[in-house]
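Where a number appears in this text, it was derived from the coordinates with a stated rule and is not lab data. The shown structure was predicted, so the numbers you read here are calculated from the model rather than taken from an experiment. We place every Cβ from the backbone using ideal geometry, glycine too, and count neighbours over all the protein chains shown.
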Amino acid sequence: MESYLDKQLKNPEFAKVYAEEGLINDFTELLATEMKKQGLTKKSFAKKLGVSERNVTRVLQGYKVSLRKAARMAHALGFKIEMQFVK
């Protein structure tokens, strides 16, 4: 039996938004987890990046996450982002 999600994913617009939001959610979860591991608050991480605390908060909420910003944040935590296309 086909799940509700499987049915929805047949809609191209839904599938596009689902993929976008999933990627943003994955990134923000990784970011928050690593900040916690490193003992960084939003305020201290913002200072390390040279941005406002509000900027960090907005990214953690999934707003205005560009590849450039994501790469900069990962680098500030001592990481780089690797990507691949998956079918």
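For segment 47-87, the set of residues classified as of a type in the set (Asp, Glu) and surrounded by 12 or more Cβ atoms within 10 Å (Cβ to Cβ) consists of 53 only.
Here residue 68 clears all of (1) in a helix (DSSP H, G or I); (2) of a type in the set (D, E, K, R); (3) within 30 Å of residue 4 (Cα to Cα) except the condition numbered (3). Restricting attention to segment 29-44, the residues that are in a helix (DSSP H, G or I) and either of a type outside the set (S, T, N, Q) or on the phi > 0 side of the Ramachandran plot (or both) add up to 10.
Surrounded by 14 or more Cβ atoms within 10 Å (Cβ to Cβ), of a type outside the set (Asp, Glu) and either part of a helix (DSSP H, G or I) or in contact with a His (Cβ under 7 Å, 6 or more places away or on another chain) (or both), is that true of residue 17?
no
Under 21 Å from residue 85 (Cα atoms), of a type in the set (A, V, I, L, M, F, W, C), in contact with a helix residue (DSSP H, G or I) (Cβ under 6 Å, 6 or more places away or on another chain) and surrounded by 13 or more Cβ atoms within 10 Å (Cβ to Cβ): is that true of residue 27 in this structure? Reasoning before the result, please.
Numbers: under 21 Å from residue 85 (Cα atoms): yes; of a type in the set (A, V, I, L, M, F, W, C): yes; in contact with a helix residue (DSSP H, G or I) (Cβ under 6 Å, 6 or more places away or on another chain): yes; surrounded by 13 or more Cβ atoms within 10 Å (Cβ to Cβ): yes.
Yes; evaluated as a whole, the condition is true for this residue.
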